């Protein structure tokens, strides 16, 4: 049995390649979502309507036909179901046929290049909108869930990016195609067809992932804050990756949450604190630094951790004597995250070391004594910060 998995562009008409058309015309059965198969009903072929990989695989495995064409929207390599379907059809003779994807089409219409574009799928997910736009000069957002173009513009305005240019492409390649351009502020109430995509242009994207952001850049309050020097060393030990899930427990002003969120551009940071003032400050600083990948949780650990996704990295800056319970939650389900704990007292240091060892982790302790300077008349005087212990827990 020969299986073609064909990208049919956006409409199965003018964006359909000659190769895909040939595969469709010679196939014994056409398979795909209703919108994919509808343009070819006039061919009079057997059609199986489904977008679910398991159902499509079952149809193929139980069928008696010689050739099947599975039709995918756009291109098979761009947020497509082709990858999942291939896994379920291991051993079959499969040929992938490229199609014209929505970013390629929309960029051509706008006269934009796309080789330096960040691609984000919001299909059924909330996504990191502001964070990606803040980081990248150009972003392409594939919609399809609850988030609308107006929702994207609203998020950008909320995070201080109302002047970012936004291009909206609705019903691309159809006769009623609509392409709208403006700033996020101008398009915050725009209405358009749900079948759409969005491109953003930010002329001043972030040029680096910042470490040890000066304390004065954060909105401050009467809650603890991990100072810049301690934060920089802690972040180097956490090694937060692009798509990590991070727990910041005892987030205070949110300074560690922000630096983790800047590193986990495609991930999520859960900032937890039992003080409502701390949770509020963290939320304010998330907006200040364009980090809509921070989720602020007002609650006490470990109870507040029970419904969170399992973490890849955990920072504990304030545990309230519950380090053991927090580690129970962080290490559940055989997950092995990297753990970093900061302590200013010998009691907390002792608790951290004992708890990490009891959970089977190797322990490494670093003590930081940072000294800044201050002006005293015509002299520059050392101004020491409180010593801090940084405790790492890693898989043996």
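Entry note, the chain: relative contact order of 10 percent, from Cα contacts under 8 Å with a spacing of 6+ residues.
What the pair-distance distribution of segment 1-123 shows, using all Cα-Cα distances binned every 5 Å from zero, is 2, 11, 22, 25, 18, 11, 6, 4, 1, 0 percent.
The protection proxy used here, the mean number of other Cβ atoms lying within 10 Å of each residue, ranks peptides 345-352, 59-66 as follows, highest first: 345-352, 59-66. Centroid-to-centroid, using Cα positions, segment 329-396 and segment 209-240 are 13 Å apart.
Seen through its C-alpha gyration tensor, with square-root eigenvalues sorted a ≥ b ≥ c, segment 103-201 comes out rounded because a/c lies under 1.5.
For residue 2 and residue 54, what is the calculated FRET efficiency with R₀ set at 25 Å and r taken between the beta-carbons, to the nearest 0.05?
The value I calculate is 0.75.
What the Cβ-Cβ distance of residue 177 and residue 150 gives, at R0 = 22 Å and to the nearest 0.05, is a FRET efficiency of 0.70.
Most simply put, the chain has about 50% antiparallel DSSP beta bridges, counting only bridges with both residues inside it.
Arrange the peptides 44-51, 219-226, 164-171 so that the one whose residues have, on average, the most other Cβ atoms within 10 Å appears first.
The densest-packed peptide leads the list: 164-171, 219-226, 44-51.
Of 54, 328, the sequence from fewest to most neighbouring Cβ atoms within 10 angstrom is 54, 328. In this rough spin-label picture, where each label sits 7 Å from Cα along the Cβ direction, the residue 113-residue 347 distance is 6.1 nm. Each peptide in 256-266, 88-98, 139-149 gets a packing score, the mean of other Cβ atoms within 10 Å over its residues, and the list from highest to lowest is 256-266, 139-149, 88-98. Using alpha carbons only, how many degrees (0 to 90, rounded to 10) separate the axis of helix 53-62 from the longest principal axis of the chain? Taking the Cα atoms of the chain, the angle to 53-62 is about 40 degrees.
For segment 46-90 and segment 244-283, what is the centre-to-centre distance using only Cα atoms, to the nearest Å? Cα centroid to Cα centroid, the span is 41 Å. Extension gain, residue 378 to residue 217, is 55.3 nm, computed as 0.36 nm per intervening residue step minus the present C-alpha separation.
Between 0 and 90 degrees, the angle of helix 276-288 with respect to the longest Cα principal axis of the chain falls at about 60 degrees.
Dividing the radius of gyration of the alpha carbons in the chain by their Kirkwood radius gives 1.08 for Rg/Rh. Shape of segment 215-395 from the C-alpha gyration tensor: oblate (a/c of 1.5 or more and a/b not above b/c, with a ≥ b ≥ c the square roots of its eigenvalues). How far, in degrees from 0 to 90, does helix 149-158 lean away from the longest principal axis of the Cα atoms of the chain, to the nearest 10? That helix lies at roughly 10 degrees to the long axis.
Read the figures in this text as sums done on the coordinates, not as results from a lab. The structure displayed is predicted, hence computed values, not measured ones. Note: ideal-geometry Cβ built from the backbone for every residue, glycine included; neighbour counts use all protein chains shown.
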